[in-house]
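Each remark here refers to the structure printed beneath this line.
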Amino acid sequence: MVVVGAGMVGAACALYAARAGLDVVLVDRGPVAGGTTGAGEGNLLVSDKEPGPELRLALLSLRLWAELAEPLGAAVEYEPKGGLVVASTPEALTALTDLAAGQRAAGVAAVAVGPDQLRDHEPYLAPGLAGAVRYPQDAQVMPTLAAAHLVRVSGARLETGRTVTGVLRGADGAVRGVRTDRGDLLAPAVVNAAGTWGGEVAAMAGAALPVLPRRGFVLVTEPLPPRVRHKVYAADYVADVASDSAALQTSPVVEGTAAGPVLIGASRERVGFHRSFSLPVVRELAAGATRLFPFLTDVRVMRTYLGFRPYLPDHLPAIGPDPRVPGLFHACGHEGAGIGLATGTGRLLAQVLTGENPELDLTPFRPDRFAESEEAAQ
Amino acid sequence: MPERSPVLAVIGAGPAGLAATLAAAGRGVRVVLVDSAAEPGGQFYRQPARGLGARRPKALHHQWRTWRRLRTGLDARLAAGQVTYLSEHHVWCVERESPGFTVHALLGPEQRESVALRADGVLLATGGYERVLPFPGWTLPGVVTAGGAQALLKGGLVLPGRTVVVAGTGPLLLPVATGLAAAGAKVAALVESADPRAFAHRARSLVGAPAKLVEGAGHAARLGWHGVPLRVRHTVLEAHGTERLESVTISALDSEGRPVPGSERRVLCDTLAVSHGLLPHTDLADGLGCGLDGVTVRVDEEQRTDVPGVWAAGEATGIGGAALSLAEGHIAGRSAAARLRGTTPDPGAWASAARTRTRLRAFFAALDGAYAPAARWVERVTDGTVVCRCEEVTAGAVRAAVGSLGAGDLRTVKLLTRAGMGWCQGRMCEPGVAGVAGCAPAPARRLLARPVPLGVLAEPADPPPPQ
Ligand SMILES: Cc1cc2nc3c(=O)[nH]c(=O)nc-3n(C[C@H](O)[C@H](O)[C@H](O)COP(=O)(O)OP(=O)(O)OC[C@H]3O[C@@H](n4cnc5c(N)ncnc54)[C@H](O)[C@@H]3O)c2cc1C
Ligand SMILES: Cc1cc2nc3c(=O)[nH]c(=O)nc-3n(C[C@H](O)[C@H](O)[C@H](O)COP(=O)(O)OP(=O)(O)OC[C@H]3O[C@@H](n4cnc5c(N)ncnc54)[C@H](O)[C@@H]3O)c2cc1C
């Protein structure tokens, strides 16, 4: 089979498909992780997800990440450091506590932390916060390393610098492979793991998939001695992630990295593929981070970078076969969680590809779920 | 209400920025000249700090007269209130507003506080920085950049060491070697990897640039006079030392750029000043969204970038020496003054500067071809050689990222190895890492031109309206 896109999701698809015995070619027009994977962060989170299909996928994915970390942990900088979601006001704490209760019922480990214990967990937190919930399952990887090493251990044939320009289909409409700028690659199954560009690849096969970009900025500080132990963020993050608003939203997610710098991110905006620098966005990130950790005020930002999350209208990815085009499979549209959700996505897709029953219900992720509304709109 | 004059912010007070300031001030615009250094002058006319009481700084500068003219001109315009000069202002971002721009600068050596300046137009004259390629031993204390050695000398009147080898390639090596020798250092060798005959082949385009040739000849004569051995088509193979630099091995290069077996020689020295040419500063332009041509800021005949209201001049638009920077700065300043007042400038007014620009661009294009870093330098970088100092990444790690992890471009190499992610943000190591990785030297996007404290970012400075 051919996987289009060597980002985190394509890498995980290649790994699990190859392990299931399939012969895999992974094609990317750029290098490994040259898309959104190399332009984001590597949080593997359950804490920011409401009970539902995405949380189920996240729980499966985190289990698989922990398995992969057995041999690969150091290479991909896997750190099961846990998350700490902080509420600044009593109202925010109530909302957070309710969310945590629902998550716990769904299988998430969530531990309430009272205001007096906050500093035991994060000694440098601002004073006067209302409380927090700790999520021991949250972890992190370095996305580019993770994608590169998953590809390496998969044994899949990697074709970088090769652009897919069309999807080949037989007289019966079934997929026969892909056309590229350097010749055709024949295969009975094609996986669309093209991330933010997944809509374009779907269109090559004649299928509509409304993947859109959502811009995010990340700030990287100078290297520091370890001071931030968890992934720490404000409780309003949860509201932002689920938000439908096109306006700018920033929620400070602060985390230390193995190499020393602290990462602060990320903003969420729908502004198309605009790559220009936005100082107001960066200012909001900085304000949020210093509110949580006042010591950061004197710490310098070395650089900022930006990326475009691939999102679908209902904020769930498209995973599974496309009933409109036999042989076409999708694994894209993971928005701000594609690193975390990659392993589960790869595993589920491999199960469908080999005719097994997927261990999670794929109905919420059906790639053609937007077709009805589009037809209605026409 | 009297109409206020438009404000032009000139960033960089080197030859380009000074020429632009003098050309624009007094032509109906107010100029705010912003520079990170303590004194105006840029790299070429770098000034000793006042407190040092240098007696004869002109001994270090040829073209001293041009500098006097610029300095006197600046003083006159400062006195007339046509120019505001802000030293020790490190610009970290120029923000596009509608209309106009806000220039954000960190203050003083500490760079902890920031000010915001409003301007109607921006002229980027930020110059260039040195390219240094890695070789075994280059991270030893005692190995410095050639420009760094010169800056120490010009700015602080101190010698970086007693016995110096100047090595690498490019027209910068000669003035650095003569400057050091004149100041009393023993220059044990000037090691230039380029082939002077390659330069002679391009002589035709040099005919129009006698000043440059004379200057070059002057340097060569002075070198002879100071007894500095000149080794062309040679390279430094390795720098040796335990705690710090003690010696270097130099070798002749054959026509293919390979070391000639048997030609290796040890040269004792406590300082090695290296340079492999210059690269333009493009961070501010990139952050503004100005188009780049490769590694230089793209400009038109009037030195305008493709962002309305933003001009660029000097080495930010391509490496070409102080005289070219002066010409470009003059043109940019004249154009900006006219355009910011809503008029169309007459190119006839800068015809002579335009001719100088044409001539010198051709000259430096030829020079650039001649002074290419030694071919095959990459082959001499051993796997154990650290290529990124900030993050201590070795050439072996970079090669592994390309070989077994599928990196094909500089950005991926950086993400996989952390090369270029440290304090210098790749300004120092990018060309070396790209070379070792075998990929194109694409400039990284550095949206912040300087590291900025989070506290500065978190408290938006409300810029005052233009005065
Ligand atoms: C600022 C920011 C922060 C983020 N933080 C996190 C986080 O903390 N945790 C998390 O889980 N997620 C995070 N994300 C989201 C995550 O980065 C993405 O969901 C994930 O990278 C998507 O991976 P992907 O493989 O689907 O897409 P990509 O990495 O974009 O890969 C798609 C690949 O397809 C290739 N491609 C496209 N078209 C073609 C074609 N025609 N031919 C050949 N190749 C093609 C592209 O070159 C690209 O390499 C963040 C995103 C951003 C922007
Ligand atoms: C290290 C070095 C040594 C050199 N030595 C010689 C020599 O000996 N002989 C010779 O002929 N040529 C030399 N050159 C080349 C010569 O300096 C240039 O040709 C000439 O100075 C270019 O003029 P410019 O105005 O374009 O830039 P510069 O003279 O480089 O001036 C740029 C100015 O912009 C300022 N600046 C840059 N970024 C910012 C920012 N973000 N905020 C605020 N200010 C900023 C800098 O402080 C500097 O003052 C040298 C160049 C370098 C880099």
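Let me check the size of the protein assembly as shown from its C-alpha atoms; what are the radius of gyration and Dmax in Å?
29.5, 89
Modelled label-to-label distance, A:D181 and B:A116, 7 Å Cα→beta-carbon offset: nm?
Here the modelled spin labels are 4.2 nm apart.
Determine the shielding of peptide B:401-413 by partner chains: average, over its residues, the number of Cβ atoms on other chains within 10 angstrom of each Cβ.
6
For the protein assembly as shown, build the charge dipole from Cβ charges (+1 Lys, Arg; -1 Asp, Glu) around the Cα centre, then report which of B:T84, A:G52, A:A174 sits farthest towards its positive end.
Toward the positive end, the furthest listed residue is B:T84.
Against the globular-protein guess of 2.2 N^0.38 Å, express the Cα radius of gyration of chain A as a ratio, rounded to two decimals.
0.98
Distance between the C-alpha centers of the stretch B:265-332 and the stretch A:1-18? Whole Å please.
Computed from Cα coordinates, the inter-centre distance equals 42 Å.
Which of B:K154/B:K186; B:K154/B:K414; A:K49/A:K81 have a Cα-Cα distance over 29 Å? Walk me through the numbers before you get to the answer.
Working: B:K154/B:K186 17 Å; B:K154/B:K414 35 Å; A:K49/A:K81 18 Å.
Pairs exceeding the cut-off: B:K154/B:K414.
Would you mind telling me which residue in A:G199, A:G30, A:G333 has the biggest mean-square fluctuation in a Gaussian network model of chain A, where springs connect alpha carbons within a distance under 10 angstrom?
A:G30
Are there trypsin sites (Lys or Arg not before Pro) in the stretch B:122-175 that DSSP puts in a loop and that have at most 13 other Cβ atoms within 10 Å, and which ones?
Listed in order of number, the matching sites are B:R162.
Just how large is the dipole of the stretch B:381-437 about the Cα centre, in debye to the nearest 20, putting +1 at every Lys and Arg Cβ and -1 at every Asp and Glu Cβ?
The dipole of the stretch B:381-437 has a size of about 100 debye.
Between A:V218, A:V27, A:V111, where does the largest GNM mean-square fluctuation fall for chain A, given springs only between Cα atoms within less than 10 Å?
Top of the fluctuation ranking is A:V111.
Treat every Asp and Glu Cβ in chain B as -1 and every Lys and Arg Cβ as +1, leave all other atoms uncharged, and give the resulting dipole magnitude about the Cα centre to the nearest 20 debye.
On the way: 51 positive and 40 negative charges, 300 e Å.
With Lys and Arg at +1 and Asp and Glu at -1, about 1440 debye.
If I model a spin label as a point 7 Å beyond the Cα along the Cα-Cβ vector, how far apart are those points for A:K81 and B:E246 in nm?
Label-label distance for A:K81 and B:E246, simple model: 4.3 nm.
Using alpha carbons only, how many angstrom separate the centre of the stretch A:60-83 from the centre of the stretch A:159-218?
Using only Cα atoms, the two centres lie 29 Å from each other.
Which whole number gives the average count of other chain Cβ atoms within 10 Å of the Cβ atoms across peptide A:289-296?
The mean count of partner-chain Cβ atoms within 10 Å per residue comes to 2.
Run the helix sum for chain B: -39,500 (n - 2.57) per DSSP H stretch of 4+ residues, divided by residue count, reported at 222 nm to the nearest 500 deg cm²/dmol.
Theoretical 222 nm ellipticity from helices: -9500 deg cm²/dmol.
Return the distance in nm (one decimal) between the two label points of a simple spin-label model at A:T97 and B:T343, each offset 7 Å from Cα along Cα→Cβ.
Placing both labels 7 Å along Cα→Cβ, they lie 7.2 nm apart.
When chain A is treated as a GNM, springs tying every alpha-carbon pair under 10 Å, which of A:A148, A:A105, A:A350 comes out with the largest mean-square fluctuation?
Per the Cα network of chain A with a 10 Å cutoff, A:A105 tops the list.
Could you grab the relative contact order for chain B? Cα pairs under 8 Å, six or more apart, rounded to a whole percent.
20
Dipole size in debye (nearest 20) for chain A around its Cα centre, Lys and Arg Cβ +1, Asp and Glu Cβ -1? It would help to have the intermediate numbers written out before the result.
Details: 33 positive and 39 negative charges, 166 e Å.
Rounded to the nearest 20 debye, it is 800 debye.
Kindly provide the helix-only [θ] at 222 nm of chain A, computed as the sum of -39,500 (n - 2.57) over DSSP H runs of four or more divided by all residues, to the nearest 500 deg cm²/dmol?
It comes out at -9000 deg cm²/dmol, rounded to the nearest 500.
From Cα pairs below 8 angstrom and at least 6 apart in sequence, can you work out the relative contact order of chain A, rounded to a whole percent?
Value for chain A: 24 percent.
Working only with C-alpha atoms, what are the Rg and Dmax values of the stretch B:381-437, expressed in angstrom?
9.6, 27
Students often get this wrong: which residues of the stretch A:74-106 have the backbone nitrogen under 14 Å from the point 7 angstrom along Cα-to-C-beta of A:Q117?
Counting only backbone N, you get A:84-85.
At q = 0.13, 0.17 Å⁻¹, what is the base-10 log of I(q)/I(0) for the stretch A:304-362 according to the Debye formula with one equal point scatterer per Cα and no solvent? Please give it to two decimals.
Debye intensities relative to I(0), on a log10 scale: -0.37, -0.60.
Per residue of A:23-31, what is the mean number of Cβ atoms on other protein chains within 10 angstrom of that residue's Cβ?
Taking all residues of A:23-31 together, the mean is 2.
At 0.36 nm per residue, minus the direct Cα-Cα distance, what do A:R63 and A:R157 gain on full extension? Give it in nm, one decimal, please.
That works out to 31.2 nm of additional length.
Mind giving me the FRET efficiency for A:N357 and B:A440? R0 is 51 Å, r the Cβ-Cβ distance, nearest 0.05 is fine.
Numbers: r = 47 Å, r/R0 = 0.93.
The value I calculate is 0.60.
Could you tell me which residue out of A:Q117, A:S61, A:L224 lies farthest along the dipole of chain A toward its positive end? Charges go on the beta carbon: Lys and Arg +1, Asp and Glu -1, centred on the Cα centre.
Result: A:L224.
Every read-out reported here was derived from the displayed coordinates using simple, explicitly stated rules and does not represent laboratory data. Note that this is a predicted model, so its numbers are computed, not measured. All Cβ positions, even for glycine, are placed from backbone atoms using ideal geometry, and neighbour counts span all protein chains on display.
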